[in-house]
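Trainee: Sending over a structure as structure tokens; questions will come in a sec.
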Amino acid sequence: MKRSLAPIFTLLVLLLPSLAFAAQPTTTVSGIPLDAPWKVTIYQLVRSSFAHPAWGWQHAERDYDVALELAKGDGLKVDTDVLFAAAMLHDMEAFPPYSVTTKEEHGDVAARESEPILRKAGFPMAKFPAVQAAMRGHMFYSDAGARPEAIVLHDADSLDFLGAIGAVRIIALTGEKGASAAPAIAELRTFLKQIPPRLITKTAKKIGAQRAAELRAFLDRYDAESDGGKLP
């Protein structure tokens with residue numbers, strides 16, 4: 001009897017890793033394929049630890065989704081492994097234990113602190129320099145460089161500061177203890193001036209024009225309903 005069970009036991013041992021992976025979610029909330037074990041690990045980390053109305057996991061997913069849309073629209077070939085890793089972890093500095101007390105650019109922090117996390121998760125580390133480049137260049141005021149993943153992440157992240165989603169993100173930062181929404185409104189008006197000219201891809205420029213118009217209309221209506229902005 002023991003001999004007959006041995007092959008079955010051996011087969012179960014060999015199948016356990018694949019069975020465990022199969023039990024994991026196969027896509028993110030927005031439908032991004034979790035087609036490798038390391039992506040499952042990273043996504044679970046982001047979902048469980050990166051909770052914030054402006055910088056949380058939802059922002060990361062939107063950045064990835066929009067970045068793919070931009071790549072398709074401009075005919076850019078991107079490595080989805082690189083884009084996934086960079087999009088999911090580019091704002092990790094906003095969350096403990098990855099926060100730093102210095103004035104170091106948060107994209108640079110992510111480019112450094114993400115290395116052991118991705119390595120442990122099983123990310124193909126030969127691609128890590130491309131992830132770092134995308135993280136360092138993701139902000140609208142940053143130089144995105146020439147890598148396609150960095151370019152589309154830069155533009156996707158920039159677009160997330162415009163439109164209705166941009167308004168919600170920045171106003172949410174006011175919080176219930178904020179004296180007024182005036183600082184958030186001022187920052188959104190600054191974004192209207194600074195972000196659209198810095199968009200790189202043609203597709204982002206088109207989307208950016210639409211979102212800028214939406215945001216401008218919202219802010220103008222806000223001013224009208226707050227006595228010309230005197231009662232924010």
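Trainee: Any idea how far apart Ala146 and Asp35 come out in nm if each label point goes 7 Å out from Cα toward Cβ?
Mentor: 2.8 nm
Trainee: Using θ = phi - 60° and the Karplus relation 6.51 cos²θ - 1.76 cosθ + 1.60, list the HN-Hα couplings for segment 202-218 in order, rounded to whole Hz, with x at every Gly or Pro.
Mentor: 5, 5, 5, 4, 5, 5, x, 5, 5, 5, 5, 5, 5, 5, 4, 5, 4
Trainee: Give me the lysines in straight-line cross-link reach of Lys127: C-alpha distance below 25 Å, same-chain residues under 8 apart excluded.
Mentor: Lys39, Lys72, Lys77
Trainee: I'd like the distance between the alpha-carbon centres of segment 163-232 and segment 27-97, rounded to an integer number of Å.
Mentor: Each part reduced to its Cα centre gives a spacing of 24 Å.
Trainee: Arranged from highest to lowest average of other beta-carbon atoms within 10 Å per residue, in what order do the peptides 72-78, 50-56, 133-139 appear?
Mentor: On the way: 72-78: 14.1, 50-56: 16.6, 133-139: 25.1.
Those peptides, ordered most packed to least, come out 133-139, 50-56, 72-78.
Trainee: If you plug each phi of segment 163-177 into the Karplus form 6.51 cos²θ - 1.76 cosθ + 1.60 with θ = phi - 60°, what whole-Hz ³J(HN,Hα) values come out, in order, with x for Gly and Pro?
Mentor: Using θ = phi - 60°, the values come out as x, 5, 5, x, 4, 4, 4, 6, 5, 4, 5, 4, x, 6, 9 Hz.
Trainee: Describe numerically, in nm with one decimal, the distance between label points set 7 Å from Cα along Cα→Cβ at Glu115 and at Thr174.
Mentor: 4.2 nm
Trainee: How far, in nm, would the chain grow between Gln210 and Ser99 when pulled straight, counting 0.36 nm per residue and subtracting the alpha carbon separation? Before the final figure, lay out the partial values.
Mentor: Values: separation 111, 0.36 × 111 = 39.96 nm, distance 3.42 nm.
So the extension gain works out to 36.5 nm.
Trainee: For the chain, what is the calculated [θ] at 222 nm in deg cm²/dmol (nearest 500), taking -39500 (n - 2.57) for each run of four or more DSSP H residues and dividing by its residue count? Each step should come with its number before you reach the end.
Mentor: Values: 10 runs with 146 residues, N = 232.
Value at 222 nm, helices only, nearest 500: -20500 deg cm²/dmol.
Trainee: Okay, next question. Going by how many other Cβ atoms sit within 10 Å of their own, how do Ser142, Ser99, Ser48 line up, fewest first? Mind showing how you got there, number by number?
Mentor: Details: Ser142 18, Ser99 12, Ser48 9.
Listing Ser142, Ser99, Ser48 from fewest to most nearby Cβ atoms yields Ser48, Ser99, Ser142.
Trainee: Okay, moving on. In degrees, nearest 10, range 0 to 90: what is the angle between the Cα axis of helix 2-22 and the longest Cα principal axis of the chain?
Mentor: Between the helix axis and the principal axis of the chain, the angle is about 10 degrees.
Trainee: Set the bar at 28 Å for Cα to Cα. Now go through Lys205/Lys230; Lys193/Lys230; Lys177/Lys230 and name every pair that lies beyond it. If you can, show how the numbers build up before the last one.
Mentor: On the way: Lys205/Lys230 33 Å; Lys193/Lys230 22 Å; Lys177/Lys230 19 Å.
As for pairs spanning more than 28 Å Cα to Cα, those are Lys205/Lys230.
Trainee: So what are the ³J(HN,Hα) numbers for segment 72-77, from phi and the Karplus equation (6.51, -1.76, 1.60; θ = phi - 60°), rounded to whole Hz, Gly and Pro as x?
Mentor: 3J(HN,Hα) across segment 72-77, in whole Hz: 5, x, 9, x, 9, 8.
Trainee: So if I restrict to the alpha-carbon atoms in the chain, what is the Rg, and what is Dmax, the biggest pairwise distance, in Å?
Mentor: Cα-based Rg and Dmax for the chain come out at 21.1, 86 Å.
Trainee: Same structure, new question: Where does each of Leu83, Leu159 land when they are ranked from fewest to most other beta-carbon atoms within 10 angstrom? Please report the intermediate quantities before stating the final value.
Mentor: Values: Leu83 25, Leu159 28.
Neighbour counts put them in this order, fewest first: Leu83, Leu159.
Trainee: How much length, in nm to one decimal, is gained on full extension between Asp108 and Ala181, taken as 0.36 nm per residue of separation minus their Cα-Cα distance?
Mentor: Numbers: separation 73, 0.36 × 73 = 26.28 nm, distance 2.98 nm.
Result: 23.3 nm gained on full extension.
Where a number appears in this text, it was derived from the coordinates with a stated rule and is not lab data. Bear in mind that the values here come from a model prediction, so they are computed numbers and not experimental data. Here Cβ is always computed from backbone atoms with ideal geometry, including for glycine, and neighbour counts include all displayed protein chains.
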